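Each reported figure results from applying straightforward, stated rules to the coordinates on display, with no laboratory input. Keep in mind that this is a model prediction, so the values were computed, not measured. Note: ideal-geometry Cβ built from the backbone for every residue, glycine included; neighbour counts use all protein chains shown.
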């Protein structure tokens with residue numbers, strides 16, 4: 001009889017944020033520490049933190065605990081991180097330190113700003129295996145032993161999460177150094193800001209499930225026909241012309257991007273915030289019976305005057321983000337100039353008057369496109385110097401009905417040049433980022449993507465790689481990487497040989513990616 005096995009995912013054990021250059025004297029180590037988490041932080045205590053972002057800075061959040069035992073634990077953990085950093089600096093031949101592997105613990109390190117280090121300590125994924133015992137004896141009935149799986153936690157995944165933590169912090173607060181300097185090097189204030197942010201952000205960090213949209217930092221573009229694209233672009237231009245304070249705009253429908261006037265990196269960051277925090281909360285509210293019975297207007301502002309910091313060329317710009325929403329799925333994020341303007345309410349009123357007339361009709365048209373399945377057609381991106389958009393010409397989708405079942409062929413496509421993502425998971429090719437998965441296919445994607453980034457150096461001059469492997473369950477995994485485009489395919493044809501598997505994948509690719517260039 002096989003013993004009972006229970007799998008437990010990786011778990012955040014500690015988070016440490018510190019400045020390595022501060023307080024070099026012995027006994028002052030605690031003053032290097034900015035934030036420390038040891039597993040006891042309660043996210044509910046900070047449930048109203050996001051609301052405090054409107055105009056005013058965080059005015060109430062917990063400060064660093066003064067408990068002696070907590071301080072000792074924090075300084076010891078920080079000291080270990082510093083020792084690893086210094087060891088690699090002295091003996092690593094200019095190599096960067098990413099992680100330290102232990103038998104039960106993984107420590108990941110990232111220098112998010114010069115001298116500011118973020119340390120993330122995780123317990124490894126593990127399996128609890130019940131001890132076998134004879135029928136005559138029940139002495140070991142409740143005993144078990146633990147198997148730790150070091151290879152189940154990928155360093156690339158952890159580093160990506162740490163990067164997203166800092167991007168989210170920067171979006172709402174700017175750089176750590178700027179906070180430090182603007183407040184006259186007030187450590188208590190910096191600790192308070194970081195404590196409030198992490199209290200809001202940490203509950204969303206889970207390593208038990210993997211989200212490909214967030215992993216790749218991807219954007220799902222909505223495919224529309226030419227006339228609908230022109231109508232959407234006209235709407236965007238009219239909103240921007242409502243007032244000179246309207247600087248940038250993002251236009252989404254059903255969490256898919258239609259247009260953005262921001263550069264790609266800032267678009268990705270705000271898009272991730274909208275689809276992971278704002279839209280799910282509002283969508284849930286819109287589905288409730290009280291909302292449906294009380295709503296008198298089809299459009300409304302759901303967030304107003306949230307301070308956001310965006311990196312633009314060599315400087316950082318501060319904007320006020322206002323999020324507008326129609327009840328049939330369209331979302332508009334308007335970024336206003338942050339300079340003191342007593343007429344903000346008038347500006348938003350002017351935008352509201354225009355959008356309340358035009359947005360419901362446009363959203364209805366976009367909804368029709370989603371229903372008929374135009375999303376599953378070929379994506380083509382229209383990009384101009386000041387706009388990131390996606391558009392594809394409307395064609396019949398009847399040819400796609402004859403495709404093989406998703407279970408026999410799964411794919412995930414990512415184009416780093418415009419952050420577009422496509423997968424045959426979900427409805428009409430739209431990948432639901434909230435339906436996370438720990439499937440073997442996604443784990444393989446992470447491992448292969450990590451290896452490609454680690455071992456395929458740009459200096460080698462290679463712009464194409466193809467990787468073919470057979471998994472332990474006898475499925476075929478094929479990975480194509482051409483310049484910025486990466487495609488992963490899983491073929492569930494157990495009896496195929498290498499040539500037959502390659503031909504089957506090529507057949508699928510000719511149907512779904514016929515206008516995409518993948519070098520042979």
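What is region 216-390's relative contact order, in percent, from Cα pairs under 8 angstrom and six or more apart in sequence? If you can, show how the numbers build up before the last one.
On the way: 251 pairs, mean separation 52.8, N = 175.
Computed over region 216-390, the figure is 30 percent.
For a distance above 19 Å, tell me the whole-number percent of Cα pairs in region 147-292 that qualify. Before the final figure, lay out each step's value.
Numbers: 7075 of 10585 pairs.
The share of Cα pairs beyond 19 Å in region 147-292 comes to 67 percent.
How long is the gain from residue 177 to residue 498 if the chain were fully straight, where each residue apart is worth 0.36 nm and the alpha carbon distance is subtracted? Please list the in-between numbers first.
On the way: separation 321, 0.36 × 321 = 115.56 nm, distance 5.42 nm.
Working it through step by step, the gained length comes to 110.1 nm.
In what sequence, highest mean first, do 244-257, 347-360 appear when ranked by Cβ atoms within 10 angstrom?
Packing order, densest peptide first, comes out as 244-257, 347-360.
Would you please put 10-19, 170-179, 103-112 in order of how densely packed they are, using the mean number of other Cβ atoms within 10 angstrom per residue and starting with the highest? Write out the running numbers ahead of the final one.
Numbers: 10-19: 20.9, 170-179: 19.0, 103-112: 17.1.
The peptides rank, most packed first, as 10-19, 170-179, 103-112.
Binning every alpha carbon pair distance of region 216-390 at 5 Å from zero, what are the percents per bin?
Result, from short to long distances: 1, 8, 18, 21, 22, 16, 9, 4, 1, 0 percent.
Please compute the length gained on full extension between residue 318 and residue 287, using 0.36 nm multiplied by the number of residues separating them and subtracting their Cα-Cα distance. All intermediate terms of the calculation are to be shown ahead of the outcome.
Working: separation 31, 0.36 × 31 = 11.16 nm, distance 3.36 nm.
My answer for the length gained is 7.8 nm.
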